[in-house]
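K.L.:
Before we start, here is the structure in question, set down as structure tokens.
The values are calculated or read from the model by the stated rules, or taken from the named source; none is laboratory data. In this text the structure is predicted, and so the values were computed from the model without any measurement. No Cβ is skipped: glycine too gets one built from the backbone with ideal geometry, and neighbour counts run over all protein chains shown.
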Amino acid sequence: MFYAINWFLSLALLALWSLACWGTHAVTVWVVSSAGALTGGSAVATTILVPGWLKAWMPPELMGQWEVFVSSVGPVVQAVLEAVPALAGGITFLAWALWGVGAIVLVAFAVSIHILIGLVKRHSGGTGSPGTTKEALAR
């Protein structure tokens, strides 16, 4: 039973890690791909910087603040992108590398817990059946 719980939780953590890496990659690619339009001012910011699904959830006051923020940050982001042209291509590689390191750590942790469960079961001398558990508790 403990083996199943261990692997279920480990795979759930791996799924959450994958979702977090995918989401961060998607947002980062979106920011980098629309950063070139940031220098166009607030007219460009209202049309292409906010995705349609997000625009439907944003109140008009927040959109106004968003336009001001994007207009002020646009030249800085454009300068960074001009200084580091390989940034756009390196994002995907970085995302895969970070996901791989995290996945290896999570799988190693799951294997360690699996081994620890086996050692504890062997040390207790039981096969996990109810009779041996009662005997072990009686000692």
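K.L.:
Identify the single condition in (1) at pLDDT 85 or above; (2) over 28 Å from the mean Cα position of the chain (by Cα); (3) surrounded by 10 or more Cβ atoms within 10 Å (Cβ to Cβ) that Thr133 does not satisfy, given that it satisfies every other one.
P.N.:
It is condition (1) that Thr133 fails.
K.L.:
Let me ask you something else. Residues of segment 106-127 being among the β-branched types (Val, Ile, Thr) and surrounded by fewer than 12 Cβ atoms within 10 Å (Cβ to Cβ), which ones?
P.N.:
Restricting attention to segment 106-127, the residues satisfying the condition of being among the β-branched types (Val, Ile, Thr) are 107, 111, 113, 115, 117, 120, 127.
Selection gives Ile115, Val120, Thr127.
K.L.:
Identify all residues within segment 14-30 that are more than 8 Å from the chain's Cα centre (by Cα), at pLDDT 95 or above and surrounded by fewer than 15 Cβ atoms within 10 Å (Cβ to Cβ); write none if there are none.
P.N.:
Within segment 14-30, Ala15 is the sole residue that qualifies.
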